[in-house]
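Quick note: the coordinates plus some simple rules give every number you see, no bench work behind them. Bear in mind that the values here come from a model prediction, so they are computed numbers and not experimental data. Every residue, glycine as well, gets a Cβ built from its backbone with ideal geometry; the counts of neighbours run over all protein chains shown.
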Amino acid sequence: MNYPKRKPLRLPHYDYSFPGAYFVTICTKDRRCILSKIAVGADALGGPCLQLTDIGKAVEQHILSTARIPGFHVDKYVIMPNHIHMIMRIDREDANSDNGPPRSPWPGPYGFRCGWCAKAAR
């Protein structure tokens, strides 16, 4: 399938490791529907809902485990059948608190994504 040419959504000279909130979308390889399934309620009032697959559950556990990373927060997320939407927040002040030795520089939201992809591929 030929998709239209899209312009890059990232700013060319912006450092995405700066503190701030970022909206991130992560798609599965070949947009395969492996993260969740859409189920329709048994009655007419029950609207559609998402049921996570085993892979989707593993992804959710990884997202929730990021709460232990100083200076990094996932405020909201939704796991769709073939992609994930997240609002991620970097708070540099949290990352540089007096809770131990200095930490390495924050890789930014795309560093998180790459780390997640490596774990999900196992």
Whole-percent tail of the Cα-Cα distance distribution for region 1-78, cut at 18 Å, equals 63 percent
Which distance in nm do the two modelled labels at Ile69 and Lys5 give, with both placed 7 Å along the Cα-to-Cβ direction? 3.4 nm
Length added when fully stretched, Gln61-Tyr16, from 0.36 nm per residue minus Cα-Cα: 13.8 nm
Two-site label geometry, His83 and Arg31: point separation in nm, points 7 Å out along Cα→Cβ: 0.8 nm
